[in-house]
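The block underneath contains the structure these notes are about, expressed in structure tokens.
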Amino acid sequence: MAMAALRREGRRFAPMISPRPITALRSSPLAPSLEDECPIGVRYISTQVVRNRMKSVKNIQKITKAMKMVAASKLRAIQTKAENSRGLWQPFTALLGDLPSANVKKNVVVTISSDKGLCGGINSTSVKISKGLHKLNSGPEKETKYVILGEKAKAQLVRDSKKDIELIITELQKNPLNYTQVSVLADEILKNVEYDALRIVFNKFHSVVSFVPTVSTVLSPEIVEREAESGGKLGDLDSYEVEGGETKGEILQNLAEFQFSCVMFNAVLENACSEQGARMSAMDSSSRNAGDMLDRLTLTYNRTRQASITTELIEIISGASALEG
Amino acid sequence: MTLNLCVLTPNRILWDSEVKEIILSTNSRKIGVFSNHAPIAATIDIGILRIRLNDQWLTMALMGGFAKIDNNEITILVNDAEKGSDIDPQEAHQALEIAEANLRKAEGKRQTIEANLALRQARTRVEAINAIS
């Protein structure tokens, strides 16, 4: 908002100074801040004011540049981890399939978001998709609950879906992400929430400029059995002989829990990468905007300076010619 | 017929190439897998995985997980794994002693269970080093 007002002021001073400097005061009702700083009777904006503006914009530019570099280095660190964890959930999908269209009674939407802001639109897209899933899966027999990871989604979802929220977890990235931490988290979720299907919403990291919101579905063992009977990918599950000393049901249960924690681990890492990437591009465009603004302010400053010099010269010369003539 | 083995942990891919035979310890017993094995989904306990490549045996310590054997492709997903050659003998023996001491000191159900788990992991790592030599 302040930046837009500044832009308007910069443009307004150009026509004001050249033809009729006397109308300067009357034609600036929308620039209250600058009016306050100029004493009445001054016919142009003082160079001091413009210089202050330039200093503050330059500081902002430096800060956003630094933030971009910090985000870039954090991204490098976490990107290798995310790529290594990608191989882990693929065998699960190969064995059990990913069925987003499974029709179940109790859906749980796990929304993964960031804790800090200034990262572009990724959190809003995650929340939009979660809300969409909620709408899609609410009806006479079905219900949807939320599990929220991260401050930003919490802020947005607490406003209108407070009664549907089961669990909120924040400050995930206080310590560097590792599998043990995430598996404990997954354990907590599985213990406290009844579910038939878990839908994890996160931003998948494709490249530094592209983050795609994705939904991964993990089904509970009973639903897996049900879908296996109806054939398709899961129908092949029965062709596997099961080893391990326990009943098939128990093994499927263990498998589902392991699958959930692996998929969560990957989702959390990918979302962290997307967050850093989005922050990089947001800070980059912010520094570029600050640079443009600085250029415009420099032009204004030079015009102001030259106008004041011209006015002084005119006064001196007309005074001298009046004395002579 | 070539058998392809893939060992994955959450942090990295530990092994992804062809082998001749493996010996896997599941929760109930040890199974040996050659090429053209029947499809199996198995749970793996904390134990040793032996890999044979052309008359040479390698050991790996696995910390529990799942295995899927299907169509000459073996996929093993575990919480953590270490190659026998990567484990430092000194450090592994020390870890074993610390784990045994902790077990003796443990009070209460939860600490005993954790100490037992740590002990089994330490023992597996020591076994993995001994098995190659």
Flag for B:ILE48 being farther than 26 Å from A:ASN266 by Cβ, outside any helix (DSSP H, G or I) and away from every other protein chain (no Cβ under 13 Å): yes
The stretch A:105-130, residues that are closer than 15 Å to A:VAL158 by Cα, in contact with a strand residue (DSSP E or B) (Cβ under 9 Å, 6 or more places away or on another chain) and not in a loop (DSSP other than H, G, I, E, B): A:VAL109, A:VAL110, A:THR111, A:ILE112, A:ASN123, A:SER126, A:VAL127, A:LYS128, A:SER130
Residue list for the stretch B:1-13, restricted to those being within 14 Å of chain A (Cβ to nearest Cβ) and of a type in the set (A, V, I, L, M, F, W, C): B:LEU5, B:CYS6, B:VAL7, B:LEU8, B:ILE13
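Restricting attention to the stretch B:53-74, does a residue exist that is part of a helix (DSSP H, G or I) and loosely packed, with under 14 Cβ neighbours inside 10 Å? I'd like the intermediate steps shown before the answer.
Taking the stretch B:53-74 first, the residues part of a helix (DSSP H, G or I) are none.
No, because not a single residue in the stretch B:53-74 is part of a helix (DSSP H, G or I) and loosely packed, with under 14 Cβ neighbours inside 10 Å.
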Residue check, A:GLN61 surrounded by 14 or more Cβ atoms within 10 Å (Cβ to Cβ), modelled with pLDDT of 95 or more and not aliphatic (A, V, I, L, M): yes
Residues being in contact with a Cys (Cβ under 9 Å, 6 or more places away or on another chain) and within 14 Å of another protein chain (Cβ to nearest Cβ) - total across the stretch A:258-286: 0
Which listed residue is out of contact with any helix residue (DSSP H, G or I) (no Cβ under 7 Å at 6 or more places or on another chain) and more than 9 Å from every other protein chain (Cβ to nearest Cβ), from B:ASP16, B:ASP70, B:ASP55: B:ASP55
Candidate set: the stretch B:104-128, residues that are without any contact (Cβ under 8 Å) to a residue 60 or more places away in the chain and under 12 Å from the mean Cα position of the chain (by Cα); chosen: the one farthest from B:ILE23 (Cα to Cα): B:ALA122
Pick from the stretch B:19-34, criterion assigned to a loop (DSSP other than H, G, I, E, B) and at pLDDT 85 or above, ranking: nearest to the other protein chains (Cβ to nearest Cβ): B:PHE34
Scope the stretch B:90-133; condition within 20 Å of B:ASN27 (Cβ to Cβ) and of a type in the set (Asp, Glu); matching residues: B:GLU114, B:GLU127
Residue match in the stretch A:83-104 (condition: under 18 Å from the mean Cα position of the chain (by Cα) and in a helix (DSSP H, G or I)): no
Breaking point among (1) in contact with a strand residue (DSSP E or B) (Cβ under 7 Å, 6 or more places away or on another chain); (2) surrounded by 17 or more Cβ atoms within 10 Å (Cβ to Cβ), for A:GLU151: (1)
Residue check, A:LEU95 within 14 Å of chain B (Cβ to nearest Cβ), under 23 Å from A:VAL224 (Cβ atoms), touching a residue at least 40 places away in the same chain (Cβ under 8 Å) and not acidic (Asp, Glu): yes
B:ALA42 vs. criteria in a loop (DSSP other than H, G, I, E, B) and either among the hydrophobic types (A, V, I, L, M, F, W, C) or more than 8 Å from every other protein chain (Cβ to nearest Cβ) (or both): no
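The values are calculated or read from the model by the stated rules, or taken from the named source; none is laboratory data. Note that the structure is predicted; figures quoted are calculated from it, not measured. Cβ atoms come from the backbone with ideal geometry, glycine included; neighbour counts cover every protein chain shown.
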